[in-house]
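Novice: Before anything else, here's the structure in question.
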Amino acid sequence: MARTYAQIQTLILQMLQDTGLATYDATELGYWIEEGLKEFSTYDPHIIEVVFQIESRTGTDTAGTASSLTDATESQFLAADATNEKVVHNTTDHTWAVVLGYTSSSVLTLSADIMDINENYEIYNKRCWNEKQIYIGDVTDYLWIDSVEYPIGTKRNWKIYDDVLEIQVDSVEDSDSTQTDKPDVDVLVRFAKPHKLSQLTDWVGEVNLVAGYAAGSTSMVLDGLQSSGTIEAGEEFHLENKRYVYTVTTDATIATNAATISFFPGLEDAVVNDDDITFRKSTLQPQHEEIFCHLVAARAVLSDNIRHIDAIPKGGADVWLKYQQWGERKLGEVLGKLERLSPPRTKRVYPK
């Protein structure tokens, strides 16, 4: 069974022979635990799968209304086009705008007056400039991307342009969901992320809204939590009868067993009142916990040795150097184990 944050902290202090926190206070040790999680993850990352959607709808404006896009022929617009900041490209005039509002399945309002009647358009994802791109800026804490699949089950190469990922394929399906045969637009991205240790002491709760929450929602009120505390950004959780792993995006304060959390990705489908939620205690594998604790202990000692450099310690001359040498030996031992643990990352070429 995975150790809790408190148990990990106790093990580290035992390695440092400082269970009374005489040398390393809780704040300092907490800092090195957080930094240790990041460093450990460069050798043995925590992989999270997130599903995005290709955006590739096309059509012709049928009205020429100012600062609007009208397509009564396809009638393919969605309410989420505005909230998702979809991009509209006028391919006749090569002009651009962002969707500001949804009027109907045939009419969107735009940030600029770019469309005239009978001019052609394409719709792309937020901040994207072609149909092969997805916006990944909502995932803010990843180390690197492990793999990309489009359609799911087929791996592809990719390029990153800041918050935009472009899939290296020759073509993508038309994402118009009004088609009789529904398009396969899902893109599975596996992110390598830092490991997370939850500082909660009770990892269960329930959805608290009589009406429930619709698919796509990115915030929820919870109850049935521990009496107080903080649900930290980066915490992961599962929802009853849902496939996805969700990640908390901002710290949330628990008061009287309740809290409001923001998270990503949006709900894959609706949840109902009293659906169970379970936070992950730890993403570390149990067999790796001791190595992780040694890593944190070594980094903490190396950081602390500077405090002894001009002291007159009872341990004799050069106590600071003895701290440094111990830390360096322990760090070398740990990094050797981590390098053996980490398989080499190789470049792969996948079909387009």
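Novice: What is the distance in Å between the Cα centres of the range 208-235 and the range 327-347?
Specialist: 38 Å
Novice: With each run of n ≥ 4 DSSP H residues scored as -39500 (n - 2.57), what mean residue ellipticity at 222 nm is computed for the chain after dividing by its residue count and rounding to the nearest 500 deg cm²/dmol?
Specialist: Taken over the chain, the calculation gives -6500 deg cm²/dmol.
Novice: Provide the packing ranking of 212-219, 264-271, i.e. peptides ordered by the mean count of other C-beta atoms within 10 Å per residue, highest first.
Specialist: Going by the mean number of other Cβ atoms within 10 Å, highest first, we get 264-271, 212-219.
Novice: Give me the percent relative contact order of the chain, please, defined on Cα pairs under 8 angstrom at least 6 residues apart.
Specialist: 18 percent
Novice: Further, regarding this structure: For TRP144 paired with GLN53, estimate the spin-label separation in nm (one decimal), with each label point 7 Å from Cα along the Cα-to-Cβ line.
Specialist: Simple spin-label model gives 3.2 nm for this pair.
Novice: What lysines does LYS132 reach when the alpha-carbon gap must be under 22 Å and sequence neighbours fewer than 8 apart in one chain are set aside?
Specialist: LYS86, LYS155, LYS159, LYS182, LYS347, LYS352
Novice: Let me ask something else about it. With a 10 Å radius around each residue's Cβ, average the other Cβ atoms per peptide and rank 55-67, 23-35, highest first.
Specialist: The most tightly packed comes first, giving 55-67, 23-35.
Novice: Separation between the VAL245 and ILE117 pseudo-spin-labels, each 7 Å from Cα along Cα→Cβ, expressed in nm?
Specialist: That separation, rounded to one decimal, is 5.4 nm.
Novice: If contacts are Cα pairs under 8 angstrom and at least 6 residues apart, what is the relative contact order of the range 50-193 in percent?
Specialist: Over the range 50-193, the number comes to 29 percent.
Novice: Loop-only check: which chymotrypsin sites (Phe, Trp or Tyr not before Pro) in the range 98-168 are DSSP coil with at most 15 other Cβ within 10 angstrom?
Specialist: Listed in order of number, the matching sites are TRP129.
Novice: Moving on to the next point. Starting from 0.36 nm per residue, how many nanometres of slack lie between TYR31 and ASP223 once their C-alpha separation is accounted for?
Specialist: 66.2 nm
Novice: I've got another one for you. Could you tell me what % of all Cα pairs in the chain have separations over 33 Å?
Specialist: Here the long-distance tail beyond 33 Å is 45 percent of all Cα pairs in the chain.
Novice: Please enumerate, by chain and number, the lysines with C-alpha under 24 Å from the C-alpha of LYS281, excluding those fewer than 8 residues away in the same chain.
Specialist: LYS38, LYS193, LYS196, LYS242
Novice: Still on this structure: Need the C-alpha centroid separation for the range 66-90 versus the range 241-267, integer Å.
Specialist: If you average the Cα positions of each part, the centres end up 30 Å apart.
Novice: On a straight-distance basis, which aspartates and glutamates could pair with LYS126 in a cross-link, Cα separation under 12 angstrom, same-chain partners fewer than 8 positions away excluded?
Specialist: Partners within reach: GLU55, ASP81, GLU85, ASP138, ASP163.
Rule-based calculations on the coordinates, nothing more; no lab input. Since we're looking at a predicted model, the values are computed, not measured. Every residue, glycine among them, receives a Cβ derived from its backbone with ideal geometry; neighbour counts consider all protein chains shown.
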